[in-house]
Amino acid sequence: MNTSANQRAILMKEKLNADFARKGVLTGLFSGCTWGLNSVLLGLALGLVPILGEEAAIYAIPLAAACMNDSLAGLWLLIYNGTAGRFQEIIRSLKTFPGIMVCIAALLGGPIANGGYLLGISLAGPAYALTITALYPIVGALLSRIFLKQHIVPRVWVGMVLSIIGAIVISYVPPEGGNSSVFYLGILFASLAAFGWGAEAVLAVYGMSMIDPKIAINIRELTSGIVLAIFVLPLVGGWAVVSKVITMPVAFGAFAVAALAAGVSYLAWYKANTTIGVAKGMALNGTYVMWGVIFSVLFLDQPLTQTLVIGSGLVLVGATLVAINPKEFFKKGGEA
């Protein structure tokens, strides 16, 4: 009798674990989908910003866009948490050590990573910036192995590598001349973004050991937006861009919608990282390259080329390997 009850308890526990992991996988994929949507919407919003001069085009516009993206996303999340009665929890969390760690993660993922990402797009071009930043899951996986002691099985490593190769296939285009010094500066900024996002995930997971992911991501977005607004934009003339965008309802609306997608994406990403681990969460979020292609084909009439199909296929296979153990896929209660 006891043996039968124990077996039932074990089966129930395995099923709960499988359901928990499955939800984490779906959350990670959703974070990638919404970040891909954010990238497309942000590209459209940037296209609506008038060029205020060569210097603004190179530095001020990308950094102003990063500031507006994070600030507006933070406001959307503040509305979300405020209506759920979690505003006081945000204030309390800021006074704790885990809250401070989330703020440091915000600096790495916001001003450093998002700023570097958009500067990389501006200086080196979207193709190269996407290719370099797609390496961030490897950075995060290595850091999580070192600092969080999270074990990463070979299957997950293979899946991450396939996803990164797919991202490179999607993004890479042969260079066609141009200013090499500006180009390599863009590559440097994109590399900084890859490091920033990878390190952010590790620090955020550490901070979320005692903070709700919904609170943590709100702190992250607001911290990033405030630091960019106060310390970065004045140095590059970014406030001139922001003030101009505010007077343009269509452009400002595009940034607001893009920021909503960013807030939802980060909320899902932080949740996935705490549910299934940093390596898996980042690998699934890394499918944003594939989702960006899909949305561009559907809504921007981008031609569907052979490289896009092959690259997207590799990303999909890689993400599947990260999320699912093929040996256990057909077993009840198997690993997700």
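Observations
- Net length gained if the chain between Leu26 and Phe147 were fully extended (0.36 nm per residue, minus Cα distance): 41.0 nm
- Extended-chain gain in nm, criterion 0.36 nm per residue less alpha-carbon gap, Tyr184 and Trp239: 17.1 nm
- For the residue pairs Lys214/Lys280; Lys23/Lys95; Lys149/Lys214; Lys95/Lys280, alpha carbon separations beyond 26 Å are given by Lys23/Lys95; Lys95/Lys280.
- Semi-axis lengths, largest first, of the ellipsoid equivalent to the stretch 28-325 are 26, 26, 17 Å, with √(5λ) applied to each eigenvalue of the Cα gyration tensor.
- Between Ile100 and Phe231, the C-beta separation translates, for a Förster distance of 22 Å, into a calculated FRET efficiency of about 0.80.
- Mean Cα-pair separation over length for the stretch 28-325, i.e. relative contact order, pairs under 8 Å, 6 or more apart, %: 41
- Relative counts (whole %) of C-alpha pair distances in the stretch 98-168, using bins that are 10 Å wide: 18, 39, 34, 10
- Note on Met248 and Val309: the extension gain reaches 18.3 nm, defined as 0.36 nm multiplied by sequence separation minus the Cα-Cα distance.
- Surrounding net charge for Gly24, when Lys and Arg each add one and Asp and Glu each subtract one, Cβ distance under 9 Å: +4
The numbers here are math on the coordinates, done by the rules we state, and not lab data. Since the structure is predicted, the reported quantities are computational estimates derived from the model, not experimental observations. Heads up, the Cβs are rebuilt from the backbone with ideal geometry, glycines too, and the neighbour counts pull from every protein chain shown.
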